[in-house]
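Remarks on the structure that follows.
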Amino acid sequence: MPWITRGLSEGIVTTRYPRRPDGYGPDFHGTLLVDPGRGVDRATERAIGECPTGALSVVDGQVEVDRGRCVLCGRCATLQPEVFRFDPSFDHSTIGRSALHVRGGAEDEETLAWIRSGLARRTKALRRSVHIRHVDAGSDGSEEWEIAALTNPVYDVGRLGIFFTASPHHADILLATGVGTVGMATPLRTTYEAMPHPKVVIAAGVDAASGGMVGPGYASRGGIGDVVPVDVYVPGSPPSPFGLLHGILLAVGLVGTAGNRGTTGRPGGRADRPRPQGTHPQGPASAVEPGDRTEAGEA
Ligand code: SF4
């Protein structure tokens, strides 16, 4: 009885994303932004040196953040808030590892278009329904919590035709987490090879992209990229459920890269906040109805 009254009082909690923008509100640490107009002063140099994962560097006199290494610890934003700050948006999954290097547009557009069209051709058959095989290749467990949330009533990925499967023979997407431990290299590779074509690999989280705080070492491959061919990278440590959902939809060509404005549409939590002008590297919002026949990147 209490559950019935609670359900009636709360109403529908399931997100409409990607049909409508959604998110976690203005205080969410979705990604790190670097002010492109600022030079590199002493405070910025100190912040760069204090980054625990080496995610920050100076390229051609501009600060560059590698979102594939940034664990969103906030140290740089604390030391130099005039240059580094967080943005609440979550849709920063990328096609290709290089697109995670951000300093106002570091991506090679020609290469990106070529990768994107190839991925779109491969995944055209997957847009109605996909099955995901998740493999933990040395995760700390945080990504698994977020992945598990995808099936709860708020995200309910089943409404989009996204399902998890225990068998690689039934899987279209390999969702890999963790630093790519040496011991998990063979199981990860075997899982990939057991999947039918077409198949897509998503590296979920900074650990899977680069090894994160652990990095490469005697027991870690520094990410899964040299074990299986990665198509889509989802930054974050861990990536949020919305971030993971964006990565999955990007992989099958149902959304484009970047653009969500970090709003939350859940009852009691809507908090619109315009994206800071001139700071986003990847362009305007783009989201389409699941099932629309659009090519990846055109959505
Ligand atoms: S927030 Fe990211 S870039 Fe900044 S110090 Fe932490 S890991 Fe490094």
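Each value in this text was obtained by applying a stated rule to the coordinates, not by laboratory testing. Bear in mind that the values here come from a model prediction, so they are computed numbers and not experimental data. Neighbour counts are summed over all protein chains in view; Cβ atoms, including those assigned to glycine, are modelled from backbone coordinates with ideal geometry.
Among H197, H169, H246, which comes first, second and so on when ranked by fewest other beta-carbon atoms within 10 Å?
H197, H169, H246
Take the alpha-carbon centre of the stretch 1-15, take the same for the stretch 141-189, and report the distance between them in whole Å.
That distance is 28 Å.
Skipping prolines and chain starts, which residues have an amide H placed within reach, meaning under 5 Å, of the one on T31, given they are 5 or more residues away or on another chain?
Under 5 Å from the amide H of T31 lie the amide H atoms of D87, S89, each far enough along the sequence or on another chain.
Give a residue-ordered list of calculated ³J(HN,Hα) values for the stretch 41-46 (Karplus: 6.51 cos²θ - 1.76 cosθ + 1.60, θ = phi - 60°; whole Hz; x for Gly, Pro).
Once rounded to whole Hz, the list reads 8, 5, 5, 5, 4, 5.
Apply 1/(1 + (r/R0)^6) to the Cβ-Cβ distance of E50 and D27, taking R0 = 22 Å, and write down the FRET efficiency to the nearest 0.05.
In this case the efficiency is close to 0.45.
Residue by residue through the stretch 168-177, which ³J(HN,Hα) values in whole Hz follow from phi under the Karplus form 6.51 cos²θ - 1.76 cosθ + 1.60 (θ = phi - 60°), with glycine and proline marked x?
Rounded to whole hertz, the list is x, 5, 9, 9, 9, 10, 9, 9, 9, 10.
Residues with amide H under 5 Å of V135's amide H, sequence separation 5 or more or different chain, H placed in the peptide plane at 1.01 Å from N; which?
Residues meeting the criterion, in which the H sits 1.01 Å from N, are L175, A176, T177.
Estimate the FRET efficiency between A194 and A148 by the formula 1/(1 + (r/R0)^6), using the beta-carbon distance for r and 35 Å for R0, to the nearest 0.05.
About 0.90, to the nearest 0.05.
Restricting attention to the stretch 1-42, which trypsin sites (Lys or Arg not before Pro) occupy a DSSP loop and are surrounded by at most 14 other Cβ atoms within 10 Å?
R16, R19, R38
What list of ³J(HN,Hα) values in whole Hz, one per residue of the stretch 139-144 in order, does the Karplus curve 6.51 cos²θ - 1.76 cosθ + 1.60 (θ = phi - 60°) give from phi, with Gly and Pro shown as x?
The phi angles translate into 7, 8, x, 5, 4, 5 Hz.
Name the residues whose placed amide hydrogens come within less than 5 Å of the amide hydrogen of V201, ignoring near sequence neighbours (fewer than 5 apart) on the same chain.
L174, D231, V232
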